[in-house]
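Since the structure comes first, as structure tokens, the remarks are kept for the end.
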Amino acid sequence: METIPHVLILALASQMACQTWKAVASSIRQRRVDFAPLFSFGGFPSGHAAFTSAVTVGSGLHAGFDSAVFAVSLVFTIIILHDAVRVRSALQHLGESYNADRADRDLPALPVLHGHTVGEIIAGIAVGSLVAALGGLVL
């Protein structure tokens with residue numbers, strides 16, 4: 001048995017790549033070092049999409065694309081990405097509306113959970129799939 005499954009290493013690497021990209025892009029935009037995106041949700045590319053895609057592609061490469069583990073990974077990836085686009089996006093709009101109402105009453109704003117756009121999800125899928133494919137050659 002492997003000490004740490006290779007698929008998990010690839011998933012974590014793809015997540016870190018996305019979060020690092022967000023931090024670098026934010027630092028360039030703000031012209032100062034910004035570590036906040038390393039630990040935040042939302043943004044381009046989607047770390048959720050990269051993580052789950054790396055697990056799915058890595059599982060397919062390791063166990064076969066006709067295996068049960070690939071099928072389970074694919075189902076959970078679809079559920080998580082649907083949630084990231086639809087559910088969290090709806091929550092984001094609801095939170096923004098709620099905060100606008102609070103601002104009208106001079107009340108402080110509450111934190112808002114950010115969803116992803118379809119483009120952010122597609123970019124995350126590309127990152128996760130690429131990391132898994134390249135990592136599968138190395139590991």
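The values are calculated or read from the model by the stated rules, or taken from the named source; none is laboratory data. Since the model is a prediction, treat every value here as computed from it, not as a measurement. Using ideal geometry, Cβ is built from the backbone for each residue, glycine included, and neighbour counts are taken over all protein chains shown.
Brief remarks follow.
- Candidate set from segment 1-23 (those that are polar (S, T, N, Q) and either modelled with pLDDT of 95 or more or part of a helix (DSSP H, G or I) (or both)); member that is nearest to Gly47 (Cα to Cα): Gln15
- Only residues that are at pLDDT 85 or above and either touching a helix residue (DSSP H, G or I) at 6+ places or on another chain (Cβ under 7 Å) or small (Gly, Ala, Ser) (or both) were counted across segment 114-139, and they come to 14.
- Looking only at residues of segment 91-139 that are assigned to a helix (DSSP H, G or I) and among the charged types (D, E, K, R), we find that the one that is farthest from Pro5 (Cα to Cα) is Asp104.
- Answer residue from segment 29-88, given it is among the aromatic types (Phe, Trp, Tyr) and assigned to a helix (DSSP H, G or I) and is modelled with the lowest pLDDT among those: Phe39
- Qualifying residue in segment 66-88 (condition: touching a residue at least 60 places away in the same chain (Cβ under 8 Å), more than 18 Å from the chain's Cα centre (by Cα), surrounded by 17 or more Cβ atoms within 10 Å (Cβ to Cβ) and closer than 22 Å to Gln15 by Cα): no
- Segment 24-65 - residue that is polar (S, T, N, Q), over 21 Å from Leu130 (Cα atoms) and surrounded by 13 or more Cβ atoms within 10 Å (Cβ to Cβ) and, of those, farthest from the chain's Cα centre (by Cα): Ser27
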